[in-house]
1. Test of understanding: extend the Cα→C-beta vector of B:Ser287 to 7 Å, then name every residue of the stretch B:396-424 with backbone N under 18 Å from that spot.
2. Please report the relative contact order for chain A, taking Cα pairs under 8 Å with a sequence separation of at least 6, and give it as a percent rounded to a whole number.
3. Whole angstrom only: what separates the Cα centroid of the stretch A:220-274 from the Cα centroid of the stretch B:285-311?
4. What number does the stretch A:202-247 give for Rg over Rh if you use C-alpha atoms and the Kirkwood radius?
5. Give the calculated FRET efficiency between B:His339 and B:Asp154 to the nearest 0.05, with a Förster radius of 25 Å applied to their Cβ-Cβ distance.
6. Convex hull over the alpha-carbon atoms of the stretch B:44-141: what's its volume per residue in Å³?
7. Counting other Cβ atoms within 10 Å, which GluC sites (Glu not before Pro) in the stretch B:66-150 have at most 15 and lie in a DSSP loop?
8. Percent of Cα-Cα pairs per 5 Å bin, from 0 to the last occupied bin, for the stretch A:53-107, please list those.
Amino acid sequence: MSRVSTPRLRARSGVAGVVGAATLAGLALAGCGSSGSGASTSGTSATKSGVHIVKLTITDDGCTPNPLSVTSGPATIEITNTGSGAVTEAEVMQGDKILGEAEDVAPGLTGVFSLTLQPGTYTVNCPGGSGSGKGKLVVSGSTVTTQVAEGATDAVTSYRAFLEDQTNRLVETTAPFVAAVQAGDVAKAKTLYAAARPYYEAIEPVAESFGDLDPLIDARAGDPLPAGAKWGGFHRIEKALFQDNTTAGMAPVAAELLTNVKTLREKVANVKLEPAQIANGAVDLLNEVSTSKITGEEERYSHVDLVDFRANVDGAEAAYQSLRPMLTARQAALAAELAARFAAVDKALGAYKSGPGQYDYVSYTKLTSADTRKLSAVVDALAEPLSQVSKAVVQ
Amino acid sequence: MSDSPTLSRRAVLGGIGVAAVASAGGFAVGQRTADASSDSSKGEAQLAAAAIVPFHGEHQAGIATPVQDRLLFGAFDLMTDDRQALVSLLRTWTSSAEALTQGKPVGTDDTTPEAPPDDTGEATGLSPARLTLTFGFGPTIFTIGGRDRFGLADRRPAALVDLPAFAGDDLDPGRSGGDLAVQVCADDPQVAFHALRNLTRQAKGTAVLRWSEMGFGRTSTTTSGSSATPRNLQGFKDGTNNLRGDDTADMAKFVWAGAGDGSDWMAGGSYMVTRRIRMFLETWDRSTLSDQEGTIGRQKLSGAPLGATAEHDTVDLAARDAKGALVVPADAHIRLASHSTNDGIRILRRGYSFTDGVNPVTGQLDGGLFFIAYQRDPRTGFIPLQRRLAEHDALNEYIQHTGSAVFACPPGVRPGGWIGEGLF
């Protein structure tokens, strides 16, 4: 099956649908331009509900038609693979930045992705073919202005900077961990394991939007896996280190983990974000705390659950901080309440610090049920009003 | 007769305060009910037909109200010492209770796609089910560890005493106490659950549920004329001689706190004691019928006092058999609990059976009686009664008190007011 790989935060609570509508409807559309039909037998352009439908065909050479021409505005690229399988991917790039892509479009299948095109010249890349693989996309017409809510752009910019920072740190901390595993140094790997975890946990809802990447990186024993995949990622290595006390057989698993976190870093740079999604991602992070950190399920071998807990809350707080100017302008009382509730969580969690570092926390095994109940209460107290933020920022 | 309109008429005579509601301009019957009339002339019969127990009144509903089929009791701990946060919670709970008891959802917005709905939704389409929400304040709202949390210490009623330890108690702190209590009663357990769930959600950040207990099979008759006395899990009729909610004189004498009792803000309120009483059902079930009947002092099937023939026959505690032995044994439960042997003390019992599944240690059934009693003053009500029972009652061989709490339930709320307003 083809898979739409245009990054999209997962559809939660109907938000994705609304955001999608806003993205499309909010755009000023230029008239249908059209080009293409004479230039190629396989490329056509039409509009549907004001969105340009651009048909692109993958062949063993690369993709046609080339060049593609279209008028500025929202566009949906529909890809059909008529080749033998040498090429299965198509992406639209501006310089070296991927604006949208469809991967794993096997022969006979179709793929689709959407993006908003501004006037200019772009590269259409269908790598792996016998030709150069690269074509041109020429967008004519006037600049499209999108109606975004006051403060939304700043919120997205701010949160994206956080995502990029966290994924950089994720790669930087995973690399030495992977090296220690590959070197067979169990003690060192154990130490480095906890150091790498926060930067994934802080951005997990975004990582989850990339389909298979999350289970490949973060699946726990028994979690569903992508078709054909074996259990790997952080928790597979965690089990080897902390339960089996060995690195045996883990070198290839570790190598794959590093590849996957690097892929995540690349994808994050292009993820589409909307304020409501950022807000609901923050709620998702606290839900993670409620269901798998407070219970000690997430880190069942290493018991570094409080590290993840701290990171989940940090991720939620970064989202909140990005949205805070928007929220303060709309619902100052809610913004103030959230600040107090974040402070209450920080205070409660602070009681379990084991050192000066941001992520120095005691083992989950030190917690009593009275401790977990108290932590759970402050997280619930924060998550409930946090769930009202998405509504505030879309209004 | 147990038809609802009849009960409701009695409820009005009992002073529950439908009049207060009607004078507020009537109210929209909930969207869950078929009858959507908001005619202020609607009488209690129509309300009863719509399964609505008025929330507003001189006294809180859920005390004198004819007992419903189901209970969900919730005790909360406050997470804050901020008096304003507590007041805000009580105001929110008041408006939610007004809506819920009429079969309406809580909040105002269940349709914005980007936000979670205000109401959780599981009661949509169900009858109001005679839902009542009865609120109480625990001793710890006034002082905790000697500290005056909310500046209310000098408002604590003398009658709201910490219950003393009773012989045989095996109290679990996790099933005892609490700063705030909500007794939720309804004829539909889902309606009751929905109510407590939504109050719990609205309390996030201010109060957290400390413990809760679900009850079924109401164990006490609370209204005269009800067709049959319900049975408890020991299989005996329970509440035959209970004080009746529609006995205005006895309610005023034994249940409602008076204006001259020492705490003005409690006038028209009542003190609630709850006890989670585990029954050792397995040992009870292997006791002979005569042992069971002697323990209680009644015949199991008919409910008649030993030595009598019908349930409501007068209990003759002095009667002796041919050998000179007491017909109702000296340690029989009904003898020790009878008001005639307790200086005339009476309390209004409103308990329910409960089960919490399997006892993790023994694998035996974990069930029994969730005892609830309302009284004007626990110092002359539950405490002396229980002291006597705890020391002498033959029933103690088959039961154990595992949870305990006491709450001051303020008077009813007038339209526009809020729960406990007089305290603040």
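None of the figures in this text is laboratory data; all of them are computed from the coordinates on show. Quantities reported herein were computed from a predicted structural model and do not represent experimental measurements. Please note: Cβ atoms are built from the backbone with ideal geometry, for glycine as well, and neighbour counts cover all protein chains shown.
1. B:396-402
2. Details: 751 pairs, mean separation 56.9, N = 395.
Relative contact order comes out at 14 percent.
3. Centre-to-centre distance over Cα atoms comes out at 68 Å.
4. On the way: Rg = 11.4 Å, Rh = 11.2 Å.
For the stretch A:202-247, the value is 1.02.
5. Values: r = 34 Å, r/R0 = 1.36.
Once the sixth-power term is evaluated, E becomes 0.15.
6. It is 144 Å³ per residue.
7. On the way: sites: B:Glu98, B:Glu114, B:Glu122; in loops: B:Glu114, B:Glu122.
Those that pass, being in a loop and sparsely packed, are B:Glu122.
8. P(r) over the stretch A:53-107, rounded to whole percents: 5, 19, 28, 28, 15, 5, 1.
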